[in-house]
Amino acid sequence: MLPYYQRMESWDDGGQGGDADWRGSDGPLHVTRGPRDNPLHSAFVQAAEAAGYAETGDYNGHRQEGFGPMDMTVHNGRRWSAANAYLRPALKTGLCTLVKGLAARLEINKDKRVTGVHIRARGQRRVIRARHEVIVAASSINSPKLLMLSGIGPAAHLAEHGIDVVADRPGVGQNLQDHLELYIQFASKQPITLAKYWSLFGKAWVGAQWLFARRGLGASNQFESGGFIRSKPGVRYPDIQYHFLPIAVRYDGQVAAAGHGFQAHVGPMRSVSRGAVTLASNRAEDAPNILFNYMSDPSDWEDFRSCIRLTREIFAQEPMQPFVDHEIQPGDAVQSDMALNEFIRDHVESAYHPCGTCRMGAYDDPMTVVDPHGRVIGVDGLRVADSSVFPRIPNGNLNAPSIMVGEKISDHVLDRVPLPASNLEPWMHPDWQSAQR
């Protein structure tokens with residue numbers, strides 16, 4: 001897959017160094033780094049080094065294990081989304097037409113060929129017909145929903161809702177996965193965190209800088225340092241991810257009571273728990289039933305306890321001591337497995353990385369939904385091209401892998417020869433079988 005990441009990417013290291021051989025230079029998706037000018041960023045990486053972990057100049061390069069600068073899809077101070085990278089340029093060509101509405105179901109003829117999409121918009125119903133193929137990229141929630149509404153899915157479940165079965169594919173909607181994370185918060189001894197901008201005046205200043213010049217704090221997501229480590233000996237590749245944030249704040253915008261603080265977002269990358277997306281009814285307007293089934297396996301609790309303890313060890317190192325005042329959450333009193341489990345239960349959050357519900361796999365596997373070219377098994381003229389095709393959740397955030405799926409499957413749609421595989425090999429810890437770091 002590396003050549004497709006390189007094709008889609010236009011990477012700017014911001015003068016911080018990196019691994020150019022692994023990166024792309026002229027793709028539509030702009031990738032850059034924040035300035036990392038807050039001293040907490042370097043202290044966090046140095047503390048990880050003091051704990052025995054390596055520094056890496058590019059976790060998307062040869063050395064993917066370790067701590068260092070984080071990448072972000074930002075260009076000229078703006079989030080560079082898939083819409084900015086692909087959709088808007090395509091619309092400007094005149095070869096692409098954007099139609100807004102609710103995709104209600106697929107049109108499938110008696111030969112089991114998908115010939116169009118039924119949509120509802122502004123009180124009207126219409127069918128958009130395809131001359132060649134229909135490609136569904138509606139997310140890991142709505143892609144399986146659309147397939148099931150169209151008669152592609154578990155036969156018994158479809159029959160429950162009065163939907164005629166076109167293709168009995170029991171894997172549709174199953175295998176739902178996500179990343180969960182916690183943030184471990186510390187109060188700061190020094191007033192150098194982003195909390196100094198939390199006032200009305202501070203927010204106005206940040207907003208004005210961004211609005212008029214597309215620069216300043218508003219031009220970064222502030223997750224400018226992070227890391228990937230292995231949770232224990234015998235794990236071959238990193239399975240824990242860190243994001244560092246120089247403020248103690250919740251996703252709902254509530255700043256920590258302690259005022260100045262900072263936090264590390266941490267979570268295991270490969271939970272064994274699996275959920276499902278199922279239909280609530282046969283109406284396209286109704287939301288599906290979504291059961292993530294989080295933390296349903298005992299190993300998930302063990303993994304999260306390890307994440308907390310490994311994080312505490314990093315922040316206990318000397319480079320962080322000029323900054324760490326005390327632990328805000330979980331708090332110093334939360335130490336036992338039982339106490340940590342209670343904290344995890346109360347504070348764990350989704351990283352918004354759902355995937356896996358139209359999994360790619362072998363043609364003769366009954367739980368497979370799409371083949372290696374994204375074609376839905378059991379019908380003709382239909383592909384899925386989004387994060388729902390992942391058999392297993394990636395070890396990292398899902399934005400880039402999801403876009404890569406589009407790049408890869410576009411070659412199959414156009415019947416192009418796929419890009420040749422890369423011979424580059426990532427660094428692996430020589431003692432991974434016996435050492436955690």
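The numbers here are math on the coordinates, done by the rules we state, and not lab data. Computed from a predicted structure; not experimentally measured. Backbone-built Cβ (ideal geometry, glycine too); neighbour counts: all protein chains shown.
So if we plug the beta-carbon distance of residue 215 and residue 55 into 1/(1 + (r/R0)^6) with R0 = 25 Å, what FRET efficiency do we get, rounded to 0.05?
Values: r = 28 Å, r/R0 = 1.10.
Given R0 = 25 Å and the Cβ-Cβ separation, E is 0.35.
Could you tally the net charge around residue 66, taking each other residue with its Cβ under 11 Å from the Cβ of residue 66, Lys/Arg +1 and Asp/Glu -1? Mind dumping the intermediate values first?
Working: positive: 63, 230, 437; negative: 49, 55, 58, 65.
Value of the local net charge: -1.
In the P(r) worked out for the range 284-437, what percent of Cα pairs fall beyond 25 Å?
Looking at the range 284-437, the distances longer than 25 Å represent 55 percent of pairs.
For the range 57-99, the extents of the C-alpha atoms along the principal axes are 45, 22, 15 Å, listed from largest to smallest.
Modelled spin labels at residue 337 and residue 321, positioned 7 Å past Cα toward Cβ, are 3.3 nm from each other. The mean sequence separation of alpha-carbon pairs under 8 Å and at least six residues apart, normalised by the residue count of the range 277-387, gives a relative contact order of 12 percent. Contact order, relative form, for the range 106-150: 32 percent (alpha carbon pairs under 8 Å, 6 or more residues apart, mean separation divided by residue count). Each peptide among 198-205, 2-9 gets the average number of other Cβ atoms lying within 10 Å of its residues, and from highest to lowest they stand as 2-9, 198-205. When each of the peptides 229-236, 379-386, 93-100 is scored by how many other beta carbons lie within 10 Å of its residues on average, the order from highest to lowest is 379-386, 229-236, 93-100. To the nearest ten degrees, helix 39-50 and the longest principal axis of the Cα atoms of the chain are 90 degrees apart. Label point 7 Å out from residue 200 along Cα-to-Cβ: which residues of the range 241-273 have amide N under 19 Å? Output list for this probe position: 254-255. The trypsin sites (Lys or Arg not before Pro) of the range 249-310 meeting both criteria, a DSSP state outside H, G, I, E and B (loop) and at most 11 other C-beta atoms within 10 angstrom of the site's C-beta, are 283. Computed with the Debye formula from one identical point scatterer per Cα of the range 168-229, without solvent, the log10 of I(q)/I(0) at q = 0.17, 0.29, 0.30 Å⁻¹ comes to -0.82, -1.23, -1.25.
Would you calculate a helix-derived [θ] at 222 nm for the chain, using -39,500 (n - 2.57) for each DSSP H run of n ≥ 4 and dividing by the full residue count, to the nearest 500? Don't skip to the answer; put the middle values down first.
On the way: 9 runs with 99 residues, N = 437.
After summing the helix terms and dividing by the residues of the chain, the value is -7000 deg cm²/dmol.
Each label point was placed 7 Å from the Cα along the Cα-to-Cβ direction; for residue 192 and residue 309 their separation is 3.1 nm. Summary of packing: across the peptides 160-172, 408-420, the per-residue average of other C-beta atoms within 10 Å ranks them, highest first, as 160-172, 408-420.
For the range 350-437, chymotrypsin sites (Phe, Trp or Tyr not before Pro) are listed when DSSP marks them as loop and at most 12 other Cβ atoms sit within 10 Å of their Cβ; the list is 352, 363.
Let me check against my output: what whole-number percent is the relative contact order of the chain, with C-alpha pairs under 8 Å and at least 6 apart?
On the way: 936 pairs, mean separation 93.2, N = 437.
Reported as a whole number, the value is 21 percent.
Taking the centroid of alpha carbons for each part, the range 306-352 and the range 193-250 are 18 Å apart.
Taking the Cβ of residue 292 as the centre, find all other residues whose Cβ is under 14 Å away and add up their charges (Lys, Arg: +1; Asp, Glu: -1).
Summing Lys and Arg as +1 and Asp and Glu as -1 gives -4.
Against the main long axis of the alpha-carbon atoms of the chain, helix 399-413 sits at an angle near 30°. Subtracting the Cα-Cα distance of residue 380 and residue 93 from 0.36 nm times their residue separation leaves 100.4 nm of extension gain. Between the helical axis of 200-213 and the longest alpha-carbon principal axis of the chain there is an angle of about 60 degrees. The share of Cα pairs per 5 Å bin across the range 175-295, counted from zero up to the longest distance, runs 2, 9, 13, 14, 14, 12, 11, 11, 9, 3, 0, 0 percent.
Label-to-label distance for residue 124 and residue 160 is 3.7 nm, based on points extended 7 Å past Cα in the beta-carbon direction.
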